[in-house]
């Protein structure tokens, strides 16, 4: 069967191969014809181009009889042009069907080519660069065709162009040929040579390799490079005599020779014979005759070897199968698999539900399983004489329960499982029931074939034994488990727990829910390991005594429950006469409550005396005496509870340590130095825990809460045990009393939390009385802070007044500017965050002032911070303020700009310069309206509207990791983009007139005239510094103009800045380098590079670092 399937598979492959070879033959011929036609076309085009270049001068005079389309532009200041009849014909129009004009020509031009055309015309007029360009024009049918356009302008005596003539030539076919030629060769290599079988093309009478794919090269054992150009006889000397005659026959007759089996030895393995199937077909040239031979080779060596091995393997397998002592069935699941797949295609997904709904389908599936063989052990199991008898009575050996197992087997098989095990019940042919362990293994054999081997192991005796044992155990267990006395059975030598009743389980601390879940985990315990400090010698003597007397009553024993609780017991032990006398029955009496009550009474009396002694210490005390009494009390508390640290402190709900009220440390420790470390960390988890009124108690580091900040501070100070309880909780703060053990771990008493609350409240009540006095002094400091704020606001207001003239009138009438002002009017009344984007010098600060002036916060001064003008180490203090002692030089408290802007608007200019570490703190202010001064942990809440601006590309900054993504989305609620001046040139006239008026009065000059030529020059300049550069340029022109006519000198920008292949970053680098070279590396100040470029000096320094510009590079 496997041999027939294999032969059928090979025949199908050969049939597909013959069809594929015919398609390849046709494709090859077509490709060769297309390549030859393309080569001819390209050669003709190249010759034509060469002839065109040689006659370029004559072309300008030969306006008649040309095959190209000719055109003329008599006056370049006007739109009218002249087009020849051939020009119209090339675009599919009748002569003069469309008006000849420059605007119509631009309309015909492909949108992607318009900028290139514009630049080419400009370069020809201004720099006399030859006009020679390839571009696309839209024909009358709507199709775009490629043309080569050439032209020549004429210049007047002043060097200005006044007219231009030229021609166009259709080069569409040449363009298509250039594109298709490499694609044709690539198609040949991809389709022909990358097949999954070995393929080669052999040329000429010597049959030299023209192409060969990697599959055939690997078969031959020779690289592709060592094949190409070499004759077959040289590459494969052993096979040449057999192959070449057939190749010659194909070349001579033009007929295919398909599917021949042959054997040979190849260079890669000269000592090994390999087997192949080959097919040869002719490749026809342009003259209709065979020029080469295509070869397709399939390696069938492994198939041959498999066929030889198959007959031997089958014989060995049959012998092992029949002689196996395990009952075995060999089955064919191929038809069953196909049926289940058919059900899946019909939409069956849940086979369990399907078989439950359609039980008759189980019988259908059973009929799809073909039983191929059964061995002798199977016949013996079912008392059958031969295979025929057993197979003819299958309905007698399989019970109704057997079909339940078969259903589970089908469900597993449908889910893709190839292994299945289950217990089942069957019968012999004599009717005797048998229990079997069913083991099914499925494997895929030959293509399309699925075989299975089923083992049915007889476990009838084991099942009967287990049933009897279970009945005996149930009788004993019922009496043992339901006894009210806690009891367990253990191994007398090891203490291993064998069994335990429910009363004892509850004694160990298990809940009823845990008991119902299962007893396996409970039985893992050990009588001796559950006890406290059992002396091994004492245990040994106890066992020896039990062996002698067989009964020991009321032996004192302490155990540990699963919750860690210690229980005091009296245990009675009796030796059982089973399992060689090693089993012990233990019965318990719990005396824990009685013993604990006696001990607790003594402790309560002692603690009440101690609290009374502490409470009387503060009567009539104040000032320093009161503080000393507090400290003395903390010392006594530490010694009473045997701890190393006692402290009272305040914690915010957010987890900040607001204040260490009082603290005592064991005199064995160094002076307290942990205050800075405690204030640096936040404890949000601890604060949340305390705010719910919950305490923290841990006797070792491992028992401490697994909060990262808690574990970090415990490790820092080496704390091994601790207890903390909340005392007073209000809306934002919680007072805490805490004690720590540093020298050792500690087991806290049960009532430690209540005791800490009692003693903590006594201490806190006394301290709060003292703090009331201190609040009077704080009121004085608050008044002083308000005074400082008013002074700072006055400074901001003066600055606002001084700059008022700058935003009362924003100069410009362009649509772009009017739209921005409309947006300002829309968003100003709201408190939404605004992000102003634009290049340096575009007036971002004026827009920010305009938004504030039109907002509901206009009665308060606008607070401005230039992030680029501040050193990185001072920005945080400038924004958020600092407290005294926060860093070197912080001699007094300082109010930050966010506090000054409370109730007003804060404008962060050049926010892109803000360091990445401060961006997170700024984000928190935007989200929560809260921040802390540098060096303080107290949160300050403010109501500030934020306006930010930048000349950077923040999206690029985010990708480079220099700007936080979450901050960007928080700022970018309402973005306003200010266009550079070069993109709103309609505003230049108004701006020039305004700046002339402004500066001729300032400098005592009289400028009465601005020529149109001067204005055109100003409008034509690209203004990299935008309005600021324009203002500086006009002021300089006002100063330097000798008469009443404004004379402007613009910076000369090298043409290399605008090369098409330069990136924006490269253009910036070149331009900044030239300005630095011009100023002799002078960055700041009058006449410096920053002033010329129209940017702040700190911004320029930041750009130098990013662009990698060094002073050494400029000087060299």
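A quick yes/no check of all residues on (1) at pLDDT below 55; (2) touching a strand residue (DSSP E or B) at 6+ places or on another chain (Cβ under 8 Å):
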{"residue": "38", "(1), (2)": "yes, no"}
{"residue": "41", "(1), (2)": "no, no"}
{"residue": "99", "(1), (2)": "no, no"}
{"residue": "120", "(1), (2)": "no, yes"}
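Determine if region 176-185 includes at least one residue that is surrounded by fewer than 16 Cβ atoms within 10 Å (Cβ to Cβ) and either modelled with pLDDT of 90 or more or in contact with a strand residue (DSSP E or B) (Cβ under 7 Å, 6 or more places away or on another chain) (or both). No: zero hits.
When residue 682 is tested against (1) more than 46 Å from the chain's Cα centre (by Cα); (2) modelled with pLDDT of 80 or more, only condition (1) is not met.
Inspection of region 849-856 finds a residue satisfying the criterion of being over 36 Å from the mean Cα position of the chain (by Cα), surrounded by fewer than 19 Cβ atoms within 10 Å (Cβ to Cβ) and under 22 Å from residue 977 (Cα atoms). Counting only residues that are assigned to a loop (DSSP other than H, G, I, E, B), surrounded by 13 or more Cβ atoms within 10 Å (Cβ to Cβ) and either touching a strand residue (DSSP E or B) at 6+ places or on another chain (Cβ under 9 Å) or not assigned by TED's automatic domain parsing to the domain that holds residue 658 (or both), region 706-760 holds 6 of them.
Cβ-Cβ distances below 9 Å connect the following pairs, each with a first residue in region 300-323 that is outside any helix (DSSP H, G or I), a second residue that is surrounded by 10 or more Cβ atoms within 10 Å (Cβ to Cβ) and at pLDDT 60 or above, and a separation of six or more residues or different chains: 300/261; 300/274; 300/275; 300/276; 300/277.
Elements of the type helices (runs of 4 or more DSSP H) sitting completely within region 491-609 and holding at least 3 residues that are closer than 28 Å to residue 477 by Cβ, in contact with a strand residue (DSSP E or B) (Cβ under 9 Å, 6 or more places away or on another chain) and at pLDDT 75 or above: these cover 502-507, 536-549. For residue 647, are the conditions met, namely being at pLDDT below 85, surrounded by 19 or more Cβ atoms within 10 Å (Cβ to Cβ) and closer than 24 Å to residue 932 by Cβ? It is false that residue 647 is at pLDDT below 85, surrounded by 19 or more Cβ atoms within 10 Å (Cβ to Cβ) and closer than 24 Å to residue 932 by Cβ.
In the same structural domain as residue 339 (by TED's automatic domain parsing) and touching a helix residue (DSSP H, G or I) at 6+ places or on another chain (Cβ under 7 Å): is that true of residue 440 in this structure? When the stated conditions are applied, residue 440 passes them. Candidates are the residues of region 1010-1026 that are part of a helix (DSSP H, G or I) and more than 54 Å from the chain's Cα centre (by Cα); the one that is surrounded by the most Cβ atoms within 10 Å (Cβ to Cβ) is 1014. The sole residue among 309, 286, 301 that is out of contact with any helix residue (DSSP H, G or I) (no Cβ under 9 Å at 6 or more places or on another chain) and modelled with pLDDT under 75 is 309.
Does any residue of region 793-802 turn out to be at pLDDT below 65, in contact with a strand residue (DSSP E or B) (Cβ under 8 Å, 6 or more places away or on another chain) and surrounded by fewer than 17 Cβ atoms within 10 Å (Cβ to Cβ)? Yes. Taking the listed residues 974, 1072, 1067, 1007, the one that is surrounded by 14 or more Cβ atoms within 10 Å (Cβ to Cβ) and at pLDDT 90 or above is 974, with no other qualifying.
Apart from one condition, residue 945 fits all of (1) out of contact with any strand residue (DSSP E or B) (no Cβ under 8 Å at 6 or more places or on another chain); (2) under 20 Å from residue 849 (Cβ atoms); the exception is (1). Here residue 345 meets the list (1) surrounded by fewer than 16 Cβ atoms within 10 Å (Cβ to Cβ); (2) free of Cβ contacts under 8 Å to residues at least 40 places away in the same chain; (3) closer than 19 Å to residue 405 by Cβ almost entirely, failing just condition (3). Within region 364-382, the set of residues being closer than 17 Å to residue 435 by Cα and assigned to a loop (DSSP other than H, G, I, E, B) comprises 382 only.
Listed by position, the strands (runs of 3 or more DSSP E) inside region 383-484 whose residues that are exposed (fewer than 13 other Cβ atoms within 10 Å of the Cβ) number at least 1 are 419-427, 433-444. Is it the case that residue 830 is modelled with pLDDT under 90, part of a loop (DSSP other than H, G, I, E, B) and in contact with a strand residue (DSSP E or B) (Cβ under 9 Å, 6 or more places away or on another chain)? Criteria not met by residue 830.
The values are calculated or read from the model by the stated rules, or taken from the named source; none is laboratory data. Just so we're clear, the structure is a prediction, and the values are computed from it rather than from any experiment. Backbone-built Cβ (ideal geometry, glycine too); neighbour counts: all protein chains shown.
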